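Input: a single structure, listed below in structure tokens.
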Amino acid sequence: AIAHKLGSDGDPDIPIFAPTPVSVGAADINDMDQLLMEDGTAYQLQAAGSPPVYTATPLTGNPPAGTTCRGMNIVGDIVGDYNGQAFFFSEGQMSIVPGNLSLFDINDNKLAVGYTTGLGPVLPAYVDLSVSKLEWRVNSIPLAPASAPPMTGPVPGQIAVNNAGKIVGNVNNYPFVY
């Protein structure tokens, strides 16, 4: 498997290889150069030399087997799916997020984004995971019907949130910003 270190921090673009071959792809990388793989394994990337050569050291305390990980923030909080349910993994503890939801990204303020799942239309959604678990609420993002008809079928994979809370995604090939 290969991940790619982006050159926005002044480093040249250099391919980074996991220490052993894996059968899953890279899901996310945070600002601490922690690389998250889709199966929940995570690596700390370290650069040495000039030009820099990156090594990947496995991190401990990953989500359990069977998870599909998609997003990670600066402190290593992870979101994704586990047995058809959205999960939040923080400080070594995994919690199931209530509701019919599939999570794709989380920002440094613990705002997670994804799509609703279930019998009704598939809608972009967000949940604030910084509050107590008892206060977790899935909030659907209202979309103008003329610009994006309701989505049905498989959950799309394009949705992200930045640290300012701005959410971008795609519904039926219509991009949106919220």
Quiz item: Considering only protein heavy atoms and a 1.4 Å probe, what is the carbon-and-sulfur percentage of the accessible area of the range 22-107?
Solution: 50
Exercise. Please work out how much length the chain gains when fully extended from ASN170 to ASN109, using 0.36 nm per residue of separation minus the C-alpha to C-alpha distance, in nm with one decimal.
Key: 19.7 nm
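The values are calculated or read from the model by the stated rules, or taken from the named source; none is laboratory data. As the structure is a prediction and not an experimental result, all values here were calculated from the model. For the accessible areas, the whole protein counts, side chains as well, though only heavy atoms, and no ligand, DNA or RNA atoms are used. Shrake-Rupley method; radii C 1.70, N 1.55, O 1.52, S 1.80 Å.
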